[in-house]
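K.L.:
What follows is a single structure, and I will ask about it in a moment.
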Amino acid sequence: NQLELFYQPQVDMRSRCVTAVEALLRWHHSDRGWVSPADFVPLAEEIGLIVPIGTWALRTACTTVASWPDTLRVAVNISAAQLIGQDLVANVKKALQDSRLPAERLELEITESVMLNDTVATLATLHRLRDLGVRIALDDFGTGYSSLSYLRRFPFDRIKIDQSFVREMSCQPDSGAIVRAIAGLSRELGMATTAEGVETREQLDLLVAAGCNEIQGFLFSRAVPADSIAEVCGAISEMLRQPAANC
C-alpha cells in the first residue's frame, strides 16, 4: 500500500479550462521516502511487475476520477507489457464498468516504442480499445522511434509533444520548427495535441502560436494527490482569468 497516484492537470487553451489530468505513479517507501518513477518503473518492467501495477493504476484512476466533474477526463499510461498481454482490453472494460466512468473520459497513453512490438497484434488491440469508446494518445512523439507510418496505421486521438522540444523552443530554432510541424500535422490529421513540460510564459505563448491545443507542465501545476486536485484546478482557473502579463 505504498503506491499512490498523483494527478497533473492539462489545460485547454481555447476554453482556458482544466479539461484533463494525467495519472502519474508515485511510491512513498517506508525507509527510502519518495522514490522516483524513473528509478522504479524500469525495474518493475524488467521483473514483470509493471502489468499488475498498471492494472491497479488503471482501476484506481478510473474510480477516483469518476467522482469528479464530468468535464474532466483522465489519461493513464499503458506499458508495452500491458499492451502485448492478453488481458488489457478486459481490464479496461472492467475498470470502466466497476467505476462507472464513461469510456470517453478515459484516455490511454502509449509511447512510440510500443508500436515496435508485434505491430499487427498491437494495432488490433488498439482498435479493440477504441471500440470500447476510450481515447488513445501517442506519448513522447518525436523521440526515439518516430515514424509517420504510425499516424497512418492508427487514428490516434491525441499526440503528446515531448518536453525536450518544448524546453528548447525559445533557444533552439529547430525545436520550435519541430513543434510547429507536429502541431500542423496533427491538425491536418484531425488529432489534438498536448505539449508537456511547459514551465514558462514564453513557452506557453510559443505553443499557443504553434497551434497546440492543450498545455501540461509546472507553469500551471505539478502532479498533486487526488485530494488536492480541486484546489489546484481552482487556482489555475483564477490564473487564467488574470491579464496575460500576470499569468
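K.L.:
Count, please, the residues in the range 218-247 that happen to be open to solvent by 30 Å² or more (accessible area, probe 1.4 Å), among the aliphatic types (A, V, I, L, M) and closer than 12 Å to residue 18 by Cα. Walk me through how you get there before you give the answer.
P.N.:
Taking the range 218-247 first, the residues open to solvent by 30 Å² or more (accessible area, probe 1.4 Å) are 218-219, 222, 225-228, 230-231, 234-235, 237-239, 241-247.
Retained after the next criterion (residues that are among the aliphatic types (A, V, I, L, M)): 219, 226, 230, 235, 239, 244-245.
Subsequent filtering for residues that are closer than 12 Å to residue 18 by Cα retains 230, 235, 239.
Summing the residues that are open to solvent by 30 Å² or more (accessible area, probe 1.4 Å), among the aliphatic types (A, V, I, L, M) and closer than 12 Å to residue 18 by Cα in the range 218-247 gives 3.
K.L.:
Which condition number in (1) touching a helix residue (DSSP H, G or I) at 6+ places or on another chain (Cβ under 9 Å); (2) under 19 Å from residue 132 (Cα atoms); (3) among the acidic types (Asp, Glu) is the one that residue 107 fails?
P.N.:
If we test residue 107 against (1) touching a helix residue (DSSP H, G or I) at 6+ places or on another chain (Cβ under 9 Å); (2) under 19 Å from residue 132 (Cα atoms); (3) among the acidic types (Asp, Glu), just (1) comes out false.
K.L.:
In the range 113-150, how many are at pLDDT below 90, of a type in the set (S, T, N, Q) and either open to solvent by 50 Å² or more (accessible area, probe 1.4 Å) or part of a helix (DSSP H, G or I) (or both)?
P.N.:
Total satisfying the criteria: 6.
K.L.:
Same structure, new question: Going by what's in this entry, would residue 217 be described as among the small types (Gly, Ala, Ser) and assigned to a loop (DSSP other than H, G, I, E, B)?
P.N.:
Working: among the small types (Gly, Ala, Ser): yes; assigned to a loop (DSSP other than H, G, I, E, B): yes.
It is true that residue 217 is among the small types (Gly, Ala, Ser) and assigned to a loop (DSSP other than H, G, I, E, B).
K.L.:
Could you please tell me which pairs satisfy a Cβ distance under 9 Å, a separation of 6+ or placement on different chains, a first residue in the range 178-190 that is under 13 Å from residue 166 (Cα atoms), and a second residue that is part of a helix (DSSP H, G or I) and among the aromatic types (Phe, Trp, Tyr)?
P.N.:
Listed pairs, sorted by first residue: 178/165; 179/165; 182/165.
K.L.:
In addition: Kindly list, by first and then second residue, each pair from a residue in the range 192-217 that is more than 18 Å from residue 138 (Cα to Cα) and open to solvent by 60 Å² or more (accessible area, probe 1.4 Å) to a residue that is in a loop (DSSP other than H, G, I, E, B) and among the hydroxyl-bearing types (Ser, Thr, Tyr), limited to pairs with Cβ atoms under 7 Å and residues at least 6 apart or on different chains.
P.N.:
Short answer, once both residue conditions are applied: 202/170; 206/170.
K.L.:
Please go through the range 87-112 and pick out each residue that is touching a strand residue (DSSP E or B) at 6+ places or on another chain (Cβ under 6 Å) and at pLDDT below 95.
P.N.:
Once the filter is applied, which keeps residues that are touching a strand residue (DSSP E or B) at 6+ places or on another chain (Cβ under 6 Å) and at pLDDT below 95, the range 87-112 yields only 111.
K.L.:
Scan the range 205-222 and give yes if some residue there is in contact with a Gly (Cβ under 6 Å, 6 or more places away or on another chain) and not small (Gly, Ala, Ser), otherwise no.
P.N.:
Going through the range 205-222, the residues in contact with a Gly (Cβ under 6 Å, 6 or more places away or on another chain) turn out to be 217.
Within this subset, residues satisfying the condition of being not small (Gly, Ala, Ser) are none.
No.
K.L.:
Would you pick out the residues in the range 67-100 that are more than 16 Å from the chain's Cα centre (by Cα), crowded, with 18+ Cβ neighbours inside 10 Å and not in a helix (DSSP H, G or I)?
P.N.:
68
K.L.:
Mind checking which pairs have a first residue in the range 118-144 that is closer than 22 Å to residue 182 by Cβ and a second that is part of a strand (DSSP E or B) and of a type in the set (Ser, Thr, Tyr), Cβ under 6 Å, 6 or more apart or different chains?
P.N.:
Going by the 6 Å Cβ cut-off, the qualifying pairs are 139/111; 140/111.
K.L.:
Shifting gears a bit: Take the range 1-59 and flag every residue that is over 23 Å from residue 216 (Cβ atoms), open to solvent by 30 Å² or more (accessible area, probe 1.4 Å), free of Cβ contacts under 8 Å to residues at least 24 places away in the same chain and not aliphatic (A, V, I, L, M).
P.N.:
1, 31, 32, 46, 52
K.L.:
Within the range 152-176, how many residues are polar (S, T, N, Q) and either part of a strand (DSSP E or B) or in contact (Cβ under 8 Å) with a residue 60 or more places away in the chain (or both)? Walk me through it before giving the result.
P.N.:
At the first step, the residues of the range 152-176 found to be polar (S, T, N, Q) are 163-164, 170, 172, 175.
From what's left, either part of a strand (DSSP E or B) or in contact (Cβ under 8 Å) with a residue 60 or more places away in the chain (or both): none.
Here the count works out to 0.
The values are calculated or read from the model by the stated rules, or taken from the named source; none is laboratory data. All figures in this text were calculated on a predicted structure; none of them were measured in a lab. Note that each Cβ is placed from the backbone with ideal geometry, even for glycine, and that neighbours are counted across all protein chains shown. Each accessible area value is taken on the protein alone, full model and side chains, heavy atoms only, with ligands, DNA and RNA left out. Shrake-Rupley method; radii C 1.70, N 1.55, O 1.52, S 1.80 Å.
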